[in-house]
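> Could you have a look at this structure, given as structure tokens, before my questions?
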Amino acid sequence: MNLIPKVTIVLIILGLTAAGGYYFYLQRNNPASNEASTAGQAIKPELLVSERVISPIFSFNAERVWFMTPDGRMYRQAVAGGEKEELVLPEVITSPLEIIWQTKGSDFVVVQNADGHIRYKFYDAEEQTFAVYPEGLRKPVFFAGDEKIAYDWVNATSSAHALKIADPTSENFIKILDLGPANYQLAASPVRQEVVLFSASEPVAKLLLVNVDTGRTYEIGEGGNYEGVRFAPDGRFILVSRQESGDPRLFVYNLESSREID
């Protein structure tokens, strides 16, 4: 005996179908649901340049990327796509290894391999000229403000090292500190006239913080194998990569505390 009329059954089926359709419509148009459904999906990167590049960096407005190619030519590429544009330099750089960019300016230093020797050239974007650094000038970095560079100067006769500062062209130099035989690398503060000196080679050297305005030197780390230093954006801390017992370790140093203790 059929207790439910056929018309009623049809109405129930139609009602369930409509409710299900409305539910899936809401889910499809629900942002939270969409985010949840795509959370496990990787964001697909966009190919910008299909060749090897050297020292790529964003422009100030992040609309373009500047880079050099291994053949020594400088280009800029719009992030939105299109053909890359060449910045025609006064000369083609042979065997480029790295570009040291200014923080806010448009000048840069080219690091190149010249017959097995590391050499440096400063490019003045306004004058569109290169200034070749002397052979004793090594590891240059731009200070905050981009108006000066700091570098390790190696005496050709005694091989003694010294910390010096100069104009970006290497003119008007001033010696800040004798460094002895240590082969230091430099990291410059983004906000102060300070550099951190570190070394990953023999002889073992201490980690030093130097204020070039006052000439004050702070020993912030004992002698060791320091492989890299990175300043925090506000200049108060540094990240330091150091080898210990053959293993790389990452440390954080509070420079404010170091200045107070010394």
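> Which lysines does Lys121 reach when only Cα atoms under 30 Å apart count, and residues fewer than 8 places away in its own chain are ignored?
By straight Cα distance, Lys121 reaches Lys84, Lys104, Lys139, Lys148, Lys164, Lys175, Lys206.
> Under 1.5 on a/c is rounded, so check that first for segment 90-169, then, if it is not, pick prolate when a/b is larger than b/c and oblate when it is not; a ≥ b ≥ c are the square roots of the alpha carbon gyration tensor eigenvalues.
oblate
> Between Asp167 and Ala232, how many nm apart are label points set 7 Å from Cα along the C-beta direction?
Modelled inter-label distance: 3.6 nm.
> Moving to a separate point now. Just to verify a number: what accessible area does Asp71 come out at with the full protein assembly present, 1.4 Å probe, Å² rounded to tens?
That residue has around 80 Å² of solvent-accessible surface.
> Short version: ³J(HN,Hα) in whole Hz for each residue of segment 89-98, in order, from phi by Karplus 6.51 cos²θ - 1.76 cosθ + 1.60 (θ = phi - 60°), x for Gly and Pro, what are they?
With the stated coefficients, segment 89-98 comes to 8, x, 8, 7, 7, 8, 6, x, 10, 6 Hz.
> Explain nothing, just compute: Karplus ³J(HN,Hα) = 6.51 cos²θ - 1.76 cosθ + 1.60, θ = phi - 60°, for every residue of segment 184-200 in order, whole Hz, x for Gly and Pro.
8, 10, 10, 10, 9, 5, x, 10, 10, 7, 9, 9, 9, 9, 9, 9, 10
> Further, regarding this structure: Quick check: pseudo-label points 7 Å beyond the Cα along Cα→Cβ at Glu63 and Arg249, how many nm apart are they?
4.8
> Now for a separate question. Provide the per-residue ³J(HN,Hα) series for segment 164-177, in order, calculated from phi with Karplus coefficients 6.51, -1.76, 1.60 and θ = phi - 60°, each as a whole number of Hz, with x at glycine and proline positions.
Once rounded to whole Hz, the list reads 10, 10, 6, 5, x, 7, 5, 7, 6, 7, 9, 7, 9, 7.
> In the full protein assembly as shown, how much of Asp247 is accessible to a 1.4 Å probe, in Å² to the nearest 10?
Around 80 Å² of this residue is reachable by solvent.
> Enumerate the amide H contacts of Ala160 below 5 Å, restricted to partners 5 or more residues apart or on another chain; note that Pro and chain-start residues carry no placed amide H.
Under 5 Å from the amide H of Ala160 lie the amide H atoms of Asn155, each far enough along the sequence or on another chain.
> What distance in nm separates the simple spin-label points at Arg52 and Glu126, each placed 7 Å from Cα in the Cβ direction?
In this crude label model, Arg52 to Glu126 measures out at 3.6 nm.
> Grab the beta carbon distance between Lys44 and Glu85, set R0 = 30 Å, and tell me the FRET efficiency rounded to 0.05.
Computed FRET efficiency for Lys44 and Glu85: 0.70.
> In the full protein assembly as shown, how much of Thr69 is accessible to a 1.4 Å probe, in Å² to the nearest 10?
Thr69 exposes around 0 Å² with every protein chain in place.
> Over segment 196-262, what relative contact order in percent results from Cα pairs under 8 Å that are six or more residues apart? Walk me through the numbers on the way to the answer.
Values: 126 pairs, mean separation 15.7, N = 67.
Result for segment 196-262 is 24 percent.
> Where does each of Ser106, Ser241 land when they are ordered by accessible area, with a 1.4 Å probe and the largest first?
Values: Ser106 75, Ser241 35 Å².
The ordering from most to least exposed comes out as Ser106, Ser241.
The values are calculated or read from the model by the stated rules, or taken from the named source; none is laboratory data. Here the structure is a predicted model, which means the values were calculated and not measured. Quick reminder, even Gly has a Cβ in these numbers, built from the backbone with ideal geometry, and neighbours come from all protein chains shown. These area figures cover heavy atoms from the full protein model, side chains too; ligands, DNA and RNA do not enter into them. Shrake-Rupley method; radii C 1.70, N 1.55, O 1.52, S 1.80 Å.
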